[in-house]
Amino acid sequence: MLFARVVLYLSAATFAGFGAWLMVTPAALEDAASVGLSSAEARAEIRAMYGGLELGIAAFLLWCARRPARHQAGLALSALAFLGLGAGRLAGMAIEDAWTAAHLSALTAETVAFGLSCAGLAALSRSHPKSG
């Protein structure tokens, strides 16, 4: 299904873009999220969690996008990953009283991406009712 494939490619591009950006320039997180990265250990951790993990998710989503039989798995991962990001961000914003424009923008993007992933799953279930 075309819609599912498009959502998977968009999700993969999102994860790949952020993953590559923070793999190459982990210090960018200092400005973007006020995260102190004064040590080599901190920069290595950012490269692993924000770089490598996101690139791995992107690779899986691209793999899923190539075959319709894998669309459901890819969309489920996409939905759950964006749900987790959004829920964690919302909890952090509430606990820390950190209602910044940057956090609200990111939360909005994560919510939209979650919604698109869910819409892709719903469209798949309508086209293949026995797949769920």
Residue count, the stretch 38-64 (criterion: surrounded by fewer than 17 Cβ atoms within 10 Å (Cβ to Cβ), among the aliphatic types (A, V, I, L, M) and at pLDDT below 95): 5
Identity of the residue in the stretch 22-37, without any contact (Cβ under 8 Å) to a residue 12 or more places away in the chain and either touching an Asp or Glu at 6+ places or on another chain (Cβ under 8 Å) or of a type in the set (Phe, Trp, Tyr) (or both), that ends up surrounded by the most Cβ atoms within 10 Å (Cβ to Cβ): 37
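The values are calculated or read from the model by the stated rules, or taken from the named source; none is laboratory data. The shown structure was predicted, so the numbers you read here are calculated from the model rather than taken from an experiment. Using ideal geometry, Cβ is built from the backbone for each residue, glycine included, and neighbour counts are taken over all protein chains shown.
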